[in-house]
Ligand code: C2E
Ligand code: CA
Ligand code: CA
């Protein structure tokens, strides 16, 4: 059966004739007037395929029924074919105005009725399929493809029209799913979609990926601050303060594909993720230039590795009680032929995004191992050195094997190297991180959690991940100035001590911070107060003086 058709006619003979015509192809239901029909629609809204409607009936007539149907079920989309012997000239127009889909005159011609029904149902099915293709099933907003199409049509139809495209990014969303489950995550997304719909009713809205929404404002003139004003302070079912960033890209005409415009809006949003004071950004020349520079740096890396532009510098870790060196951290430096000396902040985040960091980290590991081997062979004093391992490395299946092979080849003892993994890697994929750390430790390496306390995953991470040490993020020492900050730092350091986890304090810059650490019995500290990062030769001299 192709569906259920409701026949509405006050004349029982007409109803029977129609039912017989449809028999074999459709299920039928019958109603003798508008009111009865409406009741059947209420009961069977979603299973009705079409309605055949007589116009002239006692009680609620066909016109009144059409009106009531439109009012009560504005979006049900059930096609209504009006079938009547009414010869009034404007009957057809009036019925179509009230939402009827098609019109058939009497006497009944069975093949015509069946053919019209089939066409209408086919059209409806096509529309529904299109709806499914261009809509996001979770939120009912457009999906990415649907959004591209809508905006492209708009830009093509009105070449002079400015359209502002806005990317809305929700941060930490993976963590919501991980901690509260996918159902809660879905509800947060649905609620966000409803709010955007309500707040920005003039925009075309879409959900692009899991936690990224898109808006297009025909006519442009969107101000970042005004948008942010309308979104700030939104709460969600969890009462969590999920960070949101907005990226805006203006469009006109069809020269640039909509997908690229959306990418640009996203790039603008991404450019402010590490800024706490800034919630929106416009894609402009500054961002364009930065992207070009980044592309250039990515192109330059291979040559830099070949020609020795990259170096490992060492920053001592000292015992606050004695000032003696107890270890060091290897930090990359890039002497670029045209850009001068580059700090890691200029290229590490970029290489994490395009995965070139895997190459760079492998180089740094090899470089550090070579230095350690050379000290070992020359009988030069040495201390254990920690090397940074990017969050991207965590996904390397055989990280432990790879790293171990380099040590074995160069004859360096495993306890001379520590791997520093940033705490924020925990947000990406806790299970994977756990697995990688377990394997590294099984292979005999020490693993430290870097930047401890910089994100809100800290305490979870610390109780769930088996690490050999933590590096306290420098922000805790910066907060010592206030009484509350000092109390918090003290508790944190004591708690880490109670758990029996060795700790290094990072970013020690003043005598006051150093004495605070001394007082708490901290055995390892790193920062400008003791020594800055330095090239190998200078570090060797420093070691001789401070061991
Ligand atoms: P990090 O791992 O937290 O490294 C410590 C950073 O703090 C270093 O910055 C260091 O120079 C800086 N620092 C040292 N003492 C002080 C101080 O007293 N005050 C302040 N404010 N900062 C201090 P650097 O060398 O610029 O490195 C920045 C970040 O780049 C590192 O942060 C690390 O995340 C990343 N990085 C550096 N080298 C590598 C590497 O070889 N591989 C990977 N994956 N990342 C690296
Ligand atoms: Ca580090
Ligand atoms: Ca750190």
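The values are calculated or read from the model by the stated rules, or taken from the named source; none is laboratory data. Since the model is a prediction, treat every value here as computed from it, not as a measurement. Backbone-built Cβ (ideal geometry, glycine too); neighbour counts: all protein chains shown.
Just wondering, is there one or more residues in segment 477-484 that are surrounded by fewer than 19 Cβ atoms within 10 Å (Cβ to Cβ), touching a helix residue (DSSP H, G or I) at 6+ places or on another chain (Cβ under 6 Å) and outside any helix (DSSP H, G or I)?
For segment 477-484, residues surrounded by fewer than 19 Cβ atoms within 10 Å (Cβ to Cβ), touching a helix residue (DSSP H, G or I) at 6+ places or on another chain (Cβ under 6 Å) and outside any helix (DSSP H, G or I): absent.
Applying the selection to segment 499-521, what residues are more than 16 Å from ligand 3 (Cβ to nearest atom) and farther than 16 Å from residue 452 by Cα?
Passing the criteria: 510, 511, 512, 514, 515, 516, 518, 519, 520, 521.
Which residue is nearest to residue 427 (Cα to Cα), if the candidates are limited to segment 463-483 and must be more than 16 Å from ligand 1 (Cβ to nearest atom) and at pLDDT 85 or above?
Our first condition is that a residue be more than 16 Å from ligand 1 (Cβ to nearest atom); within segment 463-483, this holds for 463-466, 468, 482-483.
Checking the rest, the ones that are also at pLDDT 85 or above come to 466, 468, 482-483.
Values: 466: 16, 468: 20, 482: 30, 483: 31 Å.
Filtering first and then ranking leaves 466.
Restricting the search to segment 440-462, which residues are surrounded by fewer than 16 Cβ atoms within 10 Å (Cβ to Cβ) and modelled with pLDDT of 80 or more?
Answer for segment 440-462, where residues must be surrounded by fewer than 16 Cβ atoms within 10 Å (Cβ to Cβ) and modelled with pLDDT of 80 or more: 442, 443, 444.
Testing residue 280 on (1) touching a helix residue (DSSP H, G or I) at 6+ places or on another chain (Cβ under 6 Å); (2) free of Cβ contacts under 8 Å to residues at least 24 places away in the same chain, one condition comes back false. Which one is that?
Of everything listed in (1) touching a helix residue (DSSP H, G or I) at 6+ places or on another chain (Cβ under 6 Å); (2) free of Cβ contacts under 8 Å to residues at least 24 places away in the same chain, residue 280 misses just condition (2).
Going by what's in this entry, would residue 292 be described as under 19 Å from residue 410 (Cβ atoms) and more than 16 Å from ligand 3 (Cβ to nearest atom)? Spell out how you get there, then give the answer.
Values: under 19 Å from residue 410 (Cβ atoms): no; more than 16 Å from ligand 3 (Cβ to nearest atom): yes.
For residue 292, the condition - under 19 Å from residue 410 (Cβ atoms) and more than 16 Å from ligand 3 (Cβ to nearest atom) - is not met.
Hand me the list of strands (runs of 3 or more DSSP E) wholly inside segment 303-360 holding 2 or more residues that are in contact (Cβ under 8 Å) with a residue 12 or more places away in the chain. Break it down stepwise before answering.
Numbers: elements: 310-318, 325-336, 340-342.
Counting at least 2 such residues, we get 310-318, 325-336.
For residue 13, which of the numbered conditions (1) more than 26 Å from residue 128 (Cβ to Cβ); (2) buried (at least 17 other Cβ atoms within 10 Å of the Cβ) fails to hold?
(2)
Mind checking whether some residue in segment 486-494 is within 16 Å of ligand 1 (Cβ to nearest atom), at pLDDT 90 or above, in a helix (DSSP H, G or I) and surrounded by 13 or more Cβ atoms within 10 Å (Cβ to Cβ)?
The initial filter retains those residues of segment 486-494 that are within 16 Å of ligand 1 (Cβ to nearest atom), namely 489.
Subsequent filtering for residues that are at pLDDT 90 or above retains 489.
Now drop any that are not in a helix (DSSP H, G or I), which leaves 489.
Narrowing the set further to residues that are surrounded by 13 or more Cβ atoms within 10 Å (Cβ to Cβ) leaves 489.
Yes, segment 486-494 contains a residue that is within 16 Å of ligand 1 (Cβ to nearest atom), at pLDDT 90 or above, in a helix (DSSP H, G or I) and surrounded by 13 or more Cβ atoms within 10 Å (Cβ to Cβ).
Can you pull out every residue in segment 274-301 that is closer than 24 Å to residue 225 by Cα and exposed (fewer than 13 other Cβ atoms within 10 Å of the Cβ)?
Hits for segment 274-301 are 274, 275, 276, 277, 285, 286, 288, 289.
Considering only residues of segment 410-432 that are farther than 22 Å from residue 328 by Cα and more than 16 Å from ligand 2 (Cβ to nearest atom), which is surrounded by the fewest Cβ atoms within 10 Å (Cβ to Cβ)?
Filtering first and then ranking leaves 431.
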